[in-house]
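Q: Questions regarding the structure given below will be posed in turn.
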Amino acid sequence: MTSNSDHRRLNAIDVHAHVIVPEVYAVAAEHNIFSELPTDPGVTDAMRDQIKGRASAVLARMSDLDDRIANMNAMAVDVQVLSASLVHQGLEWADAQTSLHLARLTNDWIAKAVAAHPTRLIGLGTLPLHVPALAVAELERCVTGLGLKGVAISTTAGGLELGDPSLRPFWAKAEALGAVVYIHPGGNRDPRFKRFHLWNSVGQAFEEAMAISSLTYDGVLEEFPALKICISHGGGYMPYYMGRIDRNYVEKVNTRVNMKKPPIEYLRMLYFDSCVYERPVLQHLVDKVGADRVLLGSDYPVGEVMPVQFVTETATLSEAQKTQIVRTNAAKLFGLAN
């Protein structure tokens, strides 16, 4: 007999849903950007207490599976794709063995969460990507050993851009395994972005644009055309300024060193989630890359409260496009029966 959850599980698939692993967060928190309290002029102790209170609530929601399932039901989300929140417990600060140990703890926790709720949860692992050899081995363990569907990575690997030659073995392995690679920033630590939480409001979208730039200009997408890459937050700023980027490709020969086609064509090789907060922005993303390249994303537990409704009530989208975004694109990408 098919249960209600079995029948409904592919109706809405949210690809942007964060977790923390308490024992990993306990070690990693002090090294990550989320734990930094603002020091901007005019910020009072009362404001900082309010920020800490909200942070505690967010942290609790990311590690409580029962609360998560209840919230998914309220949000009309049938399946969440879990990924570690890299602004909370990114691993780029750690040495090779420490980062591998913490990554393995995280990946085992996510695999157990999926096993406990197999019709509601899908898992993506985390990696010590700044140590490429270890990252490749852990990627393989995630997919072939733990049954995860891929991995989530940040927009850089320590001091390396994602197109750095030392990361080619990672991309080759991801393509060979058919693993989904979800790219979500761990937070920009540049002092320019520290003021007024700019690292979050402006910096995340900047990071996503830079990640796409590196994948394109450094030739990753040309060399590995079968990669399954999804970019968080609708791709950041990149999809919304392609006119100038394509112009540079035509006018400046040095931009074409690792590309054989215009940048817009590489952009359309990627996937993007729908967490963009404004419906005209979602419509522009669909116009630019196609509805078949956009997936439902909430940024749970801090983003869109009703992500399905955000898509289905975008009046400019067709019913077929809404269905693609809410469920069928993700079902295809993650290899689920649709």
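Q: Can you pull a Stokes-Einstein diffusion coefficient for the range 1-109 at 4 °C (1.567 mPa s), Rh from Kirkwood over Cα pairs, as a whole number of µm²/s?
A: Numbers: Rh = 16.0 Å.
The diffusion coefficient I find is 81 µm²/s.
Q: Run the numbers for Val250 and Glu36: contour at 0.36 nm per residue of separation, minus the present Cα-Cα distance, in nm.
A: On the way: separation 214, 0.36 × 214 = 77.04 nm, distance 4.27 nm.
Answer, rounded to one decimal: 72.8 nm.
Q: At 10 °C and 1.306 mPa s, grab the translational diffusion coefficient of the range 176-253 from Stokes-Einstein with a Kirkwood Rh over Cα pairs, rounded to a whole number in µm² per second. Mind showing how you got there, number by number?
A: Details: Rh = 13.9 Å.
Answer, rounded: 114 µm²/s.
Q: Starting from the coordinates of the alpha-carbon atoms of the range 22-171, obtain the Kirkwood hydrodynamic radius over all distinct pairs and give the value in Å to one decimal. Could the numbers behind the result be given before it?
A: Working: mean 1/r = 0.0599 Å⁻¹.
Evaluated on the range 22-171, it is 16.7 Å.
Q: Same structure, new question: Determine the share of the range 120-209's accessible area contributed by carbon and sulfur atoms, expressed in whole percent, with a 1.4 angstrom probe.
A: That share works out to 57 percent.
Q: Over the Cα atoms, compute the radius of gyration (one decimal) and Dmax (the largest Cα-Cα distance, rounded to a whole number) for the range 138-195, in Å.
A: Answer for the range 138-195, Rg first and Dmax second: 13.6, 43 Å.
Q: Then there's this: Would you mind calculating the relative contact order of the chain from Cα pairs under 8 angstrom and at least 6 residues apart, reporting the percent as a whole number? Intermediate values should be presented prior to the final figure.
A: On the way: 582 pairs, mean separation 61.4, N = 338.
It rounds to 18 percent for the chain.
Q: Sticking with this structure for a sec: If contacts are Cα pairs under 8 angstrom and at least 6 residues apart, what is the relative contact order of the range 14-132 in percent?
A: On the way: 135 pairs, mean separation 42.6, N = 119.
Worked out over the range 14-132, it gives 36 percent.
Q: Return the Rg/Rh ratio of the chain with Cα-based radii and a Kirkwood Rh.
A: Details: Rg = 19.2 Å, Rh = 20.2 Å.
Here Rg/Rh amounts to 0.95.
Q: Might you tell me the accessible area per residue for the chain, computed with a 1.4 Å probe and given in Å²?
A: Values: 14510 Å² over 338 residues.
Spelled out: the 1.4 Å probe surface of the chain, per residue, equals 43 Å².
Q: Counting helices only, and only those DSSP H runs with n ≥ 4, report the 222 nm mean residue ellipticity of the chain as the sum of -39,500 (n - 2.57) divided by its residues, in deg cm²/dmol to the nearest 500.
A: Values: 16 runs with 146 residues, N = 338.
Value at 222 nm, helices only: -12500 deg cm²/dmol.
Q: Quantify how much of the Cα-Cα distance distribution of the range 251-293 extends past 15 Å, in percent. Can you show the working numbers first?
A: Numbers: 455 of 903 pairs.
The proportion of pairs with Cα distances above 15 Å equals 50 percent.
Q: Of Ile69, Ile20, Ile231, which is the most mobile in a GNM of the chain whose springs link Cα atoms less than 10 angstrom apart?
A: Highest fluctuation among the options: Ile69.
Q: Taking N as the number of residues in the range 226-279, what is its Cα Rg relative to 2.2 N^0.38 Å?
A: Scaled against compact globular proteins, the figure is 1.26.
Q: Another question, then. Per the Kirkwood treatment, what hydrodynamic radius in Å, one decimal, follows for the range 202-242 from the mean inverse distance over all distinct Cα pairs? Provide the component values of the computation, followed by the final result.
A: Values: mean 1/r = 0.0947 Å⁻¹.
Hydrodynamic radius (Kirkwood, Cα only) of the range 202-242 equals 10.6 Å.
Q: Same structure, new question: Note down the relative contact order for the range 109-244 as a percent, whole number, built from C-alpha pairs under 8 angstrom at least six residues apart. Write down the numbers at each step before the final one.
A: Numbers: 195 pairs, mean separation 29.7, N = 136.
With pairs under 8 Å counted, the relative contact order is 22 percent.
Q: Principal axis extents for the range 184-338, Cα atoms only, whole Å, descending order, please.
A: Over the range 184-338, Cα extents along the principal axes are 44, 39, 28 Å.
Q: Can I get the semi-axes of the range 79-235's equivalent ellipsoid? Compute them from the C-alpha gyration tensor as square roots of 5 times the eigenvalues, in angstrom, largest first.
A: Values: eigenvalues 105, 70, 48 Å².
Ellipsoid semi-axes (Å, largest first): 23, 19, 16.
The values are calculated or read from the model by the stated rules, or taken from the named source; none is laboratory data. Since the structure is predicted, the reported quantities are computational estimates derived from the model, not experimental observations. Each accessible area value is taken on the protein alone, full model and side chains, heavy atoms only, with ligands, DNA and RNA left out. Shrake-Rupley method; radii C 1.70, N 1.55, O 1.52, S 1.80 Å.
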